[in-house]
Amino acid sequence: PCAVAEAARQTAAEFSVEFIARKLYFHCEGAGFTALTDRKWLGFVLGQLFSNALKYTKTGGITVDFPAPGSLRVSDTGPGIPPEELPRIFEKGYTGARGREQPAASGLGLALCRRICERLGVTLTAAPAPGGGAAFTLRFAPQTLPPPGDERTKM
């Protein structure tokens, strides 16, 4: 069991120096939910999404919210992703026009995120963010957690 809002806050804290130095905000709206997932790999995916958002966001910041039960959305106030590029952003090696302007862009981050999410049973999608920017949504498969004290919950 993983508290996804707490995982998002902890992962964002790893970028706190950059948020502060660039005067960007991080806001996590809501209490979130608990998902049966791997905390380390979820942190990797969130870290990649935060890193990408920070690369392209000049003013404003990053918001995490929970638009539906079992869903987490990371949205930013950056320039967004051109609609014609959306179908390809999860392809290995694809950087898009804005990515080609970034020396550090490899086109591997989102491809890795998609693959990790598939292995975790999480659906990862991208869309324009409300009000501009980009929004990435993780939809966790509904799962029944074993009751506390069950053998499956012991390490």
(Q) I need a count of the residues in the range 62-97 that are touching a helix residue (DSSP H, G or I) at 6+ places or on another chain (Cβ under 7 Å) and at pLDDT 95 or above. (A) 5
Q. Among (1) at pLDDT below 95; (2) open to solvent by 30 Å² or more (accessible area, probe 1.4 Å); (3) more than 13 Å from residue 4 (Cβ to Cβ), where does residue 40 come up short?
A. (1)
Q) Restricting to the range 115-135, what's the tally of residues that are out of contact with any Lys or Arg (no Cβ under 7 Å at 6 or more places or on another chain), part of a strand (DSSP E or B) and open to solvent by 20 Å² or more (accessible area, probe 1.4 Å)? A) 4
Q: Run residue 50 past the list (1) in contact with a Lys or Arg (Cβ under 9 Å, 6 or more places away or on another chain); (2) among the hydrophobic types (A, V, I, L, M, F, W, C); (3) more than 16 Å from residue 123 (Cα to Cα) and report the number of the one that doesn't hold.
A: (1)
**Q.** Identity of the residue in the range 66-84, open to solvent by less than 20 Å² (accessible area, probe 1.4 Å) and of a type in the set (A, V, I, L, M), that ends up nearest to residue 49 (Cα to Cα)
**A.** 74
Q.
Looking at 32, 47, can you tell me which residue is touching a Ser or Thr at 6+ places or on another chain (Cβ under 7 Å), surrounded by 14 or more Cβ atoms within 10 Å (Cβ to Cβ) and outside any strand (DSSP E or B)?
A. 47
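The values are calculated or read from the model by the stated rules, or taken from the named source; none is laboratory data. All values reported here derive from a predicted model rather than from experimental measurement. So basically every Cβ, Gly included, is an ideal-geometry build from the backbone, and we count neighbours across all protein chains shown. Side chains included, ligands, DNA and RNA excluded: accessible areas come from the protein's heavy atoms. Shrake-Rupley method; radii C 1.70, N 1.55, O 1.52, S 1.80 Å.
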